[in-house]
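Encoded as structure tokens, the structure appears first; notes follow it.
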Amino acid sequence: MTQRRPLIAGNWKMNCLRADGLELVSALVAKTAEKGSLGCDVLVCPPATLLSDVVNAAQNSAVGVGGQDCHAETSGAHTGDVAAAMLADIGAGYVLVGHSERRADHDESSTVIRRKAIAAHDAGLIAVVCVGETEQERDLGATLSVVNGQVAVSVPDGATAKNTVIAYEPVWAIGTGRTASVAEVAEVHAAIRAELVERFEDGDEFRILYGGSVKPSNAAELLAVADVDGALVGGASLKVDDFWKIIETCA
Ligand code: PGA
């Protein structure tokens, strides 16, 4: 069986001023240093304004840093946007693309997200491609077709297990305190795995994260599900003790 090293990623979203962000990452760096060897990779994705500071604070530590979004183009007239190469240039190693909040707030289609993932790869970043169904789509019984369709279009042909991570985040579970059941998570992760295996030579090696109200009390059961190779954590990643408990689940 393929051994996939879990990834626990914190998505800070539009939270944290400079002092809060530095306190959070410094505490995390201290905990990882104290622990020594970890059972997973650890990633934080702060808002763009804090990336540089957080990269500096996490230097020479086990804490990786990623952006929350990038533009599909390499440079140019795109006011307010950040290019993947800019993220790489300041020392980020990852970038989230296609988070459901981006899909909803900024009308991002899976086609745009694929272009962003390609831009991330071209800049040498690992793209964390996010997918997930809405509550209405689940109620209609369309979960697997929606998620498989998002993966088909959002994940570029050049993806490999090394440059791409998939994050399954049911929209109705994000920030709501509601988590998908173990059976629901298992079904969707198995469907994504089957799709990756069919399409990519190393499809069995891609990490597939679960996200949506992951917290210390449910992390162990979610991370024990087959084909769940880590978590994308929003709210609980802003509290270092909670995030650390989730990381320790992988020990
Ligand atoms: P949540 O967010 O853990 O607060 O539900 C997860 C995410 O949106 O990545």
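Below, the figures for the structure above:
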quantity: Dimensionless Rg over Rh [the range 207-251; C-alpha; Kirkwood]; calculated: 0.92
quantity: Percentage relative contact order, the range 86-210, counting C-alpha pairs under 8 Å, at least six apart; calculated: 26
quantity: DSSP H segments from the chain that extend 15 Å or more along their own axis, Cα-based, with Kyte-Doolittle mean of -0.5 or above; calculated: 18-35, 110-122, 143-154, 182-199
quantity: Mean Cα-pair separation over length for the chain, i.e. relative contact order, pairs under 8 Å, 6 or more apart, %; calculated: 21
quantity: Computed over the range 30-111, Kirkwood Rh from alpha-carbon pairs, angstrom; calculated: 14.0
quantity: Scattering curve values for the range 151-207, log₁₀ I(q)/I(0), Debye with Cα scatterers, q = 0.14, 0.29 Å⁻¹; calculated: -0.42, -1.18
quantity: Global size of the range 76-163 as Cα Rg and Dmax, reported in angstrom; calculated: 13.9, 44
quantity: Kirkwood Rh, Cα atoms: Rg over Rh of the range 4-149; calculated: 1.00
quantity: Solitary cysteines of the chain, where the nearest other Cys Cβ is not under 4.7 Å; calculated: Cys16, Cys45, Cys70, Cys130
quantity: Mean projected area (nm²) of the alpha-carbon convex hull when the chain is viewed from all directions; calculated: 12.4
quantity: Cross-link pairs Lys116/Lys215; Lys35/Lys116; Lys13/Lys35; Lys35/Lys215 - those with Cα-Cα distance over 25 Å; calculated: Lys116/Lys215; Lys35/Lys116; Lys13/Lys35
quantity: Rounded D (µm²/s) - the range 112-251, Kirkwood Rh over Cα pairs, Stokes-Einstein at 37 °C, 0.692 mPa s; calculated: 215
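Taken together, the values in this text are just the output of simple stated rules run on the coordinates, not laboratory data. Quantities reported herein were computed from a predicted structural model and do not represent experimental measurements. Here the Cβ is made from the backbone with ideal geometry for all residues, glycine too, and neighbour counts use every protein chain on show.
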